[in-house]
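Beneath this line is the structure, given in C-alpha cells, with notes to follow.
The values are calculated or read from the model by the stated rules, or taken from the named source; none is laboratory data. Note that the structure is a prediction, hence the values are computed from the model and not measured. Because the Cβ atoms are built from the backbone with ideal geometry, glycine has one as well, and the counts that use them run over all protein chains shown.
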Amino acid sequence: MIEGKTGGLKAGQIKALERIYRRKIPATELITDELARYLTELSREIQRQVGVVIDRAGVVQYVIVGDDREIVIPDLAKYSLGRSGLRGLRCVHTHLKQEPLSRDDLTDLELLRLDLLAVIGVREDGLPGRFEYAHLLPTEKNAQIETVELDDFYQLQLDFSAFIHALDQGMERVAGETVDLSDNRERALLISVATGSRQQSEDSMAELEELARTADLAVIDKMMQRPRKLNPRYLVGAGKLREIVISALQRRATLLVFDRDLTPNQVRSISEVTEMKVIDRTQLILDIFANRAQSRDGKVQVELAQLKYILPRLTGKGTAMSRLMGGIGGRGPGETKLEIDRRRIRDKIRRLEKQLDSLGRGRLQRRQKRVRAGLPIVSIVGYTNAGKSTLLNALTQSKVFTENLLFATLDTSTRRLRFPLDREVIITDTVGFIRDLPQSLMGAFKATLEELEDADLLLHLVDLSNPRFNEQIASVEKILVDLDLGTRRQLLVFNKVDQVDAADVPHLCRRYQAIPLSAFDRSTFKPLLEELQRRFWPEAPAE
C-alpha cells in the first residue's frame with residue numbers, strides 16, 4: 001500500500017508508485033537494480049524521498065512518499081518481532097542529495113527493529129548514486145549498529161538471504177544468553193522517574209520490583225531517571241524515552257512499567273513511540289487485585305476500579321492497553337469501534353455500581369449483626385505484607401490464605417478470638433495499604449474501609465524487619481487520616497522481631513510505644529493478649 005505525502009502528485013506519478021507495490025525481490029537481493037533505478041528516477045521527478053518496506057519473502061509491503069528531507073515509516077505493529085528480536089522487514093529509501101544515513105534513520109532502525117535500513121543517493125541524471133546501509137549487531141550491550149558505505153550503488157555485492165540468516169542466528173544466540181525465551185511471562189522493564197532524593201527513588205524502585213514479583217512479571221532490567229523537572233508529555237524527555245525504549249527492545253522486554261501514575265495523555269504519547277505495553281503503578285496494583293480477589297464483593301469492586309481507570313485511557317491504538325487491563329482496547333479498534341467500547345464500559349460501570357450497592361447492603365446487615373452481639377471488634381491494619389493474615393491465623397487457629405507477596409489478602413476475613421472467662425472479640429483481617437495509594441483505588445478497598453468504621457480498635461501491624469518500616473507507618477497513618485479514621489483508637493504492634501537484632505527491639509518499642517511479637521511464634525503473643533484484655537476489660541483480674 002502507498003503511505004505518506006501523496007498530495008500534489010499527478011495521476012501518472014501515483015500509478016508509478018502503485019506499480020512498485022507487491023513487487024517481488026529475489027531472496028538473495030537486498031534490492032534489484034531495476035527497482036533501485038525506478039525509485040531514484042521517480043524520486044528525482046517528484047523531488048521527494050521515496051521508499052519501500054520489503055518483507056523476507058521479498059514482497060514490497062509498503063511504498064512510502066516523503067518530502068525532500070525525510071520519509072515517515074508507517075505503523076508496523078502487525079509484523080511481530082521474531083525470536084531474534086528482528087521484525088523481518090527492511091526499508092530502502094532515496095536521499096535526493098546523496099546524503100548519508102541520518103540520525104532519524106538509525107533511530108528508526110533501532111526502534112522498529114528492522115532487519116536492515118538503506119539509502120540510495122539520487123544523482124542529477126536520476127540514476128542510483130551513493131549507497132549506504134545499516135543493521136543492528138548481535139551484542140549483549142546496548143544496541144550497536146554497523147554501517148556499510150559504497151560510493152556507487154552498483155558496487156553492492158550482498159547475498160541478502162545468507163546475511164539475514166547469519167544475523168538472525170547471532171541475534172537469537174545473544175538473546176538466549178541474556179533472556180529465557182521459553183519463559184512465557186511478560187518481560188518488564190521497570191522505570192522510576194522522580195525528582196526527589198536518590199534514597200527515595202531507590203526505595204520506590206524496590207517496592208515496584210516487589211509489586212512486579214507479586215504480579216508474576218519477569219523483571220529483565222530497572223532504570224532510574226531523576227530529571228530536574230518532569231516532562232508533561234513523556235514524563236522524561238523525548239530523547240531519553242527513545243533510549244529507554246531501545247534498551248527495552250534490546251533486552252526483549254514486552255512491557256514498560258512506570259513507578260508513578262501516568263496521565264491518559266502520557267500513556268497515549270509514550271505508546272506512540274513504542275508498541276510495547278505501557279502501564280503505571282496503579283495498573284500494576286489493579287492487576288494484582290484482580291488476581292487476588294476471591295469473594296464476589298472483591299471481584300466486583302476490583303472490576304469496577306479497573307473499568308473506571310481504563311475509560312479515560314482507552315485509545316484507538318491497541319498498544320496503549322495491556323492484558324493487565326483485561327485485554328479491553330487491545331484489539332486496536334478504529335474510531336467507531338472505540339466509541340462503542342467506551343459506551344459499553346460506561347454501561348458496565350453503571351451495572352457494577354448497582355450490584356455493589358446490593359452487596360453493600362448485605363455487608364451492612366452482617367456488620368450490624370456483629371455490633372448487636374456487643375462484642376468488641378478489632379481490625380488488623382498495616383502495610384501490605386506486614387503479616388496480618390499470618391497473625392490472624394495464629395491468634396484464632398484459622399487458615400486464612402497467606403503468602404510472602406504484596407496484597408496476598410484482598411478480601412476481608414473475620415474470626416473470633418477467645419479470652420478467659422468466656423470473653424471474646426471479633427477480629428478482622430484487612431487488605432494491606434501501600435504508600436501514595438491512588439484515589440482511583442479507594443473503591444477497591446470499600447469492604448475493608450467499611451470494616452474499619454465499625455472497629456473499636458485498630459491493631460496497626462508493622463514489619464519491623466523492613467528497613468523502611470517508619471515510612472510505612474507514616475503511609476498507613478496518612479491513609480487512615482484521609483479516610484477520617486485518624487482518631488480511631490490504635491495499638492501499634494511490631495511483627496517479625498525475630499528477624500531484627502534483639503538488642504534493638506526494646507529501644508524501638510519504647511520509642512514507638514509498640515508491642516513486639518513474631519506471628520510465627522505463639523509464645524510471643526502474651527503481651528499483646530494482655531494489652532487487649534486491659535483495653536476491653538480493665539476490671540478483669542491480672543493473669
Task: Any pair with Cβ under 9 angstrom, 6 or more apart, that starts in the range 47-63 at a residue that is over 24 Å from Gly7 (Cα atoms) and ends at one that is among the hydroxyl-bearing types (Ser, Thr, Tyr) and modelled with pLDDT of 95 or more - done: Arg56/Ser161
Task: Flag for Tyr79 being more than 14 Å from Ile145 (Cβ to Cβ) and either modelled with pLDDT of 95 or more or assigned to a strand (DSSP E or B) (or both) - done: no
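Filter the range 478-505 down to residues that are out of contact with any strand residue (DSSP E or B) (no Cβ under 6 Å at 6 or more places or on another chain) and among the β-branched types (Val, Ile, Thr) and give me whichever is modelled with the highest pLDDT. Working first, answer last.
Quick first cut of the range 478-505, residues out of contact with any strand residue (DSSP E or B) (no Cβ under 6 Å at 6 or more places or on another chain) only: 478, 480-487, 499-504.
Next, from what is left, pick out any that are among the β-branched types (Val, Ile, Thr): 481, 487, 500.
Details: Val481: 87, Thr487: 87, Val500: 94.
Only one residue fits best here, namely Val500.
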- [ ] Of all residues in the range 98-131, count the ones that are assigned to a loop (DSSP other than H, G, I, E, B) and more than 13 Å from Arg69 (Cα to Cα).
- [x] 8
Task: The listed residue being in a strand (DSSP E or B), crowded, with 16+ Cβ neighbours inside 10 Å, in contact (Cβ under 8 Å) with a residue 24 or more places away in the chain and not basic (Lys, Arg), out of Leu480, Leu492 - done: Leu492
Task: Tally of residues being at pLDDT 95 or above and in contact with a Lys or Arg (Cβ under 9 Å, 6 or more places away or on another chain) across the range 152-189 - done: 5
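Report yes if some residue within the range 354-372 is at pLDDT 80 or above, part of a helix (DSSP H, G or I), on the phi < 0 side of the Ramachandran plot and not assigned by TED's automatic domain parsing to the domain that holds Leu458; otherwise report no. So that I can check it myself, show each step before the final result.
Here is the first cut: in the range 354-372, the ones at pLDDT 80 or above are 354-355.
Keeping just the survivors that are part of a helix (DSSP H, G or I) gives 354-355.
Still in the list and also on the phi < 0 side of the Ramachandran plot: 354-355.
Next cut, not assigned by TED's automatic domain parsing to the domain that holds Leu458 only: 354-355.
Yes: one or more hits.
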- [ ] Working only within the range 88-115, note down all residues that are basic (Lys, Arg) and under 17 Å from Thr274 (Cα atoms).
- [x] Arg113
